[in-house]
């Protein structure tokens with residue numbers, strides 16, 4: 001048995017209009033589809049680029065960042081491009097050293113004391129990573145009207161976790177230690193990060209991105225009370241400080257089902273939802289005030305084409321024929337996925353999405 005299909009009832013929309021309208025909860029011909037981490041290690045073409053340059057060299061070289069950003073547009077047919085960069089880039093502008101190895105990111109020296117936080121550079125930190133904005137301008141020229149370009153940044157809490165831990169951590173014990181033993185110091189760090197990230201995103205928007213996404217990847221590791229103190233105010237500030245520039249904003253928090261009541265207070269246009277909470281439940285809990293992005297389990301991309309189509313069909317049915325759905329995975333695509341599987345996800349989204357999107 002094959003998943004249900006419908007026939008198109010409207011002519012295709014301009015891809016940029018489709019995405020922006022979906023973010024604004026306005027009817028579209030079908031929900032747009034893009035994939036978090038859609039340009040990355042699962043792509044042989046990306047691996048060829050990485051043979052020539054390190055990860056940070058890629059991020060710092062606008063021409064190569066443009067080349068990689070375009071790969072999912074050309075190879076998968078996704079409905080949106082996302083700037084190829086990394087959430088840790090602004091930390092370089094603040095005076096920290098950022099590198100990537102086999103064990104993941106390294107940030108140094110780790111921020112563990114008041115003196116460490118005091119040394120952070122805030123003034124002109126966002127300007128010191130101007131290569132990001134140069135990349136945005138190049139990508140916009142290359143994209144034309146083929147697709148919108150998303151910019152992004154890490155939320156202060158998530159950036160702080162890397163800066164305090166010195167890299168990735170499964171336990172976040174150093175962050176938690178500061179949270180309990182020196183909460184005021186953590187708040188000082190978060191304040192500095194929020195100042196830099198707000199300017200960083202404004203520069204991306206001024207360079208030409210059509211929407212932005214704020215990644216609070218590790219926010220779901222906190223209790224609701226902790227998130228309200230150590231993440232919500234800083235994310236709210238950033239989203240508020242870029243709102244006057246008029247582009248849609250998306251907020252993503254992994255493992256955030258217990259935070260829904262607080263997420264429903266953020267001044268953004270869309271909430272990106274991981275795969276563990278039904279979109280219908282998030283829409284009910286947030287009163288339908290937000291567009292919702294997601295939330296297909298990335299694990300299905302290791303399964304058969306038939307299962308990929310069923311996963312898309314289930315996601316569409318769960319959200320329903322309502323405006324404000326952006327199809328995506330509930331987490332970034334994993335390196336063990338094939339390009340063919342990612343392409344099949346996009347094909348399924350485009351075929352099965354007809355008849356959804358809030359159109360009559």
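Readers should treat all values here as calculations from the given coordinates under stated rules, not as data from a laboratory. On a predicted model such as this, the values are computed, not experimentally measured, just so you know. Cβ atoms come from the backbone with ideal geometry, glycine included; neighbour counts cover every protein chain shown.
So the values come out like this:
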read-out: Subset of region 274-307 (residues that are surrounded by 21 or more Cβ atoms within 10 Å (Cβ to Cβ) and under 22 Å from residue 18 (Cβ atoms)); value: 279, 282, 283, 290, 291, 292, 293, 294, 295, 296
read-out: Residues of region 234-258 classified as surrounded by fewer than 21 Cβ atoms within 10 Å (Cβ to Cβ), assigned to a helix (DSSP H, G or I) and touching a residue at least 40 places away in the same chain (Cβ under 8 Å), total; value: 3
read-out: Residue among 57, 121, 165, 97 that alone is free of Cβ contacts under 8 Å to residues at least 60 places away in the same chain and in contact with a helix residue (DSSP H, G or I) (Cβ under 7 Å, 6 or more places away or on another chain); value: 165
read-out: Members of region 19-53 found to be touching a strand residue (DSSP E or B) at 6+ places or on another chain (Cβ under 9 Å) and surrounded by fewer than 15 Cβ atoms within 10 Å (Cβ to Cβ), listed by number; value: 24
read-out: Matching residues, region 324-352, being out of contact with any strand residue (DSSP E or B) (no Cβ under 7 Å at 6 or more places or on another chain) and not in a helix (DSSP H, G or I); value: 331, 332, 333, 334, 335, 336, 337, 338
read-out: Qualifying residue in region 95-102 (condition: assigned to a loop (DSSP other than H, G, I, E, B) and surrounded by 19 or more Cβ atoms within 10 Å (Cβ to Cβ)); value: yes
read-out: Options 336, 269: the member that is surrounded by 17 or more Cβ atoms within 10 Å (Cβ to Cβ) and touching a residue at least 24 places away in the same chain (Cβ under 8 Å); value: 269
read-out: Tally of residues being farther than 11 Å from residue 209 by Cβ and either buried (at least 24 other Cβ atoms within 10 Å of the Cβ) or in contact (Cβ under 8 Å) with a residue 12 or more places away in the chain (or both) across region 136-152; value: 5
read-out: Output for region 312-323, where each listed residue is in a helix (DSSP H, G or I) and surrounded by fewer than 22 Cβ atoms within 10 Å (Cβ to Cβ); value: 313, 314, 317, 318
read-out: Restricting region 156-175 to residues that are over 24 Å from residue 239 (Cβ atoms) and surrounded by 18 or more Cβ atoms within 10 Å (Cβ to Cβ), the residue that is farthest from the chain's Cα centre (by Cα); value: 165
